[in-house]
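Below you'll find the structure, written out as structure tokens, and then a few comments.
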Amino acid sequence: MNQIFSARLSDTSDAINSALEHILSDDARSGEQVRPPRLMAAMRHGVLNGGKRLRPFLMVECAALFGVARDEVVQAACALECLHCYSLVHDDLPAMDDDDLRRGKPTVHRAYDEATAILAGDGLLTLAFDLVADPTTVSSSAIRAELAHLLARAAGVGGMIGGQMLDLMAEGDALDESDIRILQSMKTGALIRYACEAGAVLGGASGQQRADLVRFGETIGLAFQLADDLLDVTSSEEAMGKAVGKDAVRGKGTLVGIRGTGKVREMLKSLLAEAEGSLTRFGEEASVLRDAAHYVVARNN
């Protein structure tokens, strides 16, 4: 990573973490009775555990193209991160991917118990929409409504949740490349696309500018999953902070399994070029987003 990109990513991660610590405190908010300490501790365990905050970062940087300050985006970005982390808490459950480690630490159901993990995920999902609907997130009710609608579509039955269902159904089945691309664009790509589109919405982007950022999000979303699949067969548990090699064990179809590691690395180079091309209209203002695309392709955990 170059120093400017690394500093921007670190600074945004710190800002998101600070905001999340406040959002996930035990103090009850207006309209709430009490926040059960064990539930809140489990939610914090699932969120404040060293994530890179890539999705919030993308939202912040896409909005920055239109002159929107990071502080004006942080709460909407926290909503996205809460939703993303809910999906990880539930994905790790024994009934789903059955993982013991996440980011090098015990998964929520291991650190607490399955029932608490389910409720922690439910709490994070609900909190995400609480944040999006909050007038302190953005003053415009029309923008809040659009963000909520886009987030629901990205996370719902035709997005992330639907992709997880397709992933469960695909275990042991021979998927072709088209099926795998659809699955991955839903399960992983939908929230990355949302991060970029939400930044465009917050920035008041034109139709063409928004379309360019949607394309950028879709492209790096696929690249993110391809890189993840590649790491699953080439990296270690220590480097990844979670179990590796599970796709092959569970018979999950991946593009790495179909095409091989060499071809997937070529595909990642092509996706990187496509992602950079989608930012052409933004010129040098999009240099950090170009660096983000390189980071997604070259990441090692």
**Complete:** Listed by first then second residue, the pairs whose first member lies in region 59-82 and is closer than 23 Å to Arg153 by Cα, whose partner is buried (at least 22 other Cβ atoms within 10 Å of the Cβ) and of a type in the set (Lys, Arg), with beta carbons under 6 Å and at least 6 positions apart or on separate chains, are Leu80/Arg55
**Message:** Between a residue in region 27-48 that is among the charged types (D, E, K, R) and in a helix (DSSP H, G or I) and any residue that is surrounded by 10 or more Cβ atoms within 10 Å (Cβ to Cβ) and modelled with pLDDT of 95 or more, which pairs come within a Cβ distance under 8 Å, given they are 6 or more apart or on different chains?
**Reply:** Arg38/Tyr112; Arg38/Thr116; Arg44/Glu21; Arg44/Leu24
**Request:** Out of Thr136, Thr107, Thr126, Thr116, report the one residue that is closer than 15 Å to His45 by Cα, out of contact with any strand residue (DSSP E or B) (no Cβ under 9 Å at 6 or more places or on another chain) and of a type in the set (S, T, N, Q).
**Result:** Thr116
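Go through region 177-196 and give me each residue that's over 15 Å from Arg153 (Cβ atoms), assigned to a helix (DSSP H, G or I) and touching a helix residue (DSSP H, G or I) at 6+ places or on another chain (Cβ under 9 Å).
Scanning region 177-196 gives Glu177, Asp179, Ile180, Arg181, Ile182, Leu183, Gln184.
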**Message:** Name the residue that is surrounded by the most Cβ atoms within 10 Å (Cβ to Cβ), counting only residues in region 121-175 that are touching a residue at least 60 places away in the same chain (Cβ under 8 Å) and of a type in the set (S, T, N, Q).
**Reply:** Thr137
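Give the residue, chosen from Arg55, Arg8, that is modelled with pLDDT of 95 or more, part of a helix (DSSP H, G or I) and in contact with a His (Cβ under 6 Å, 6 or more places away or on another chain).
On the way: Arg8 fails: in contact with a His (Cβ under 6 Å, 6 or more places away or on another chain).
After ruling out the rest, the residue left standing is Arg55.
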**Prompt:** Residues in region 191-200: is at least one modelled with pLDDT of 95 or more and of a type in the set (Ser, Thr, Tyr)?
**Reply:** yes
**Request:** With the checklist (1) charged (D, E, K, R); (2) part of a helix (DSSP H, G or I); (3) surrounded by fewer than 23 Cβ atoms within 10 Å (Cβ to Cβ) in hand, flag the one item Glu81 doesn't pass.
**Result:** (3)
**Prompt:** Residues in region 2-25: is at least one over 30 Å from His294 (Cα atoms) and exposed (fewer than 12 other Cβ atoms within 10 Å of the Cβ)?
**Reply:** yes
**Item:** Tally of residues being at pLDDT 95 or above, surrounded by 24 or more Cβ atoms within 10 Å (Cβ to Cβ) and within 17 Å of the chain's Cα centre (by Cα) across region 87-120
**Value:** 1
**Asked** Within region 84-97, restricting attention to residues that are in contact (Cβ under 8 Å) with a residue 40 or more places away in the chain and outside any helix (DSSP H, G or I), which residue is farthest from Leu125 (Cα to Cα)?
**Response** Asp97
**Request:** Filter region 227-257 down to residues that are of a type in the set (Val, Ile, Thr) and modelled with pLDDT of 65 or more and give me whichever is farthest from Asp179 (Cα to Cα).
**Result:** Thr234
**Complete set of residues in region 98-118 that are out of contact with any Pro (no Cβ under 9 Å at 6 or more places or on another chain) and in a helix (DSSP H, G or I)** = Val108, Arg110, Ala111, Ala115, Thr116, Ala117, Ile118
**Qualifying positions in region 260-275 - surrounded by 14 or more Cβ atoms within 10 Å (Cβ to Cβ) and either in contact (Cβ under 8 Å) with a residue 60 or more places away in the chain or more than 15 Å from Leu65 (Cβ to Cβ) (or both)** = Val264, Arg265, Met267, Leu268, Leu271, Leu272, Glu274
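The values are calculated or read from the model by the stated rules, or taken from the named source; none is laboratory data. Everything numeric in this text was worked out from a predicted model, so none of it was measured. Every residue, glycine as well, gets a Cβ built from its backbone with ideal geometry; the counts of neighbours run over all protein chains shown.
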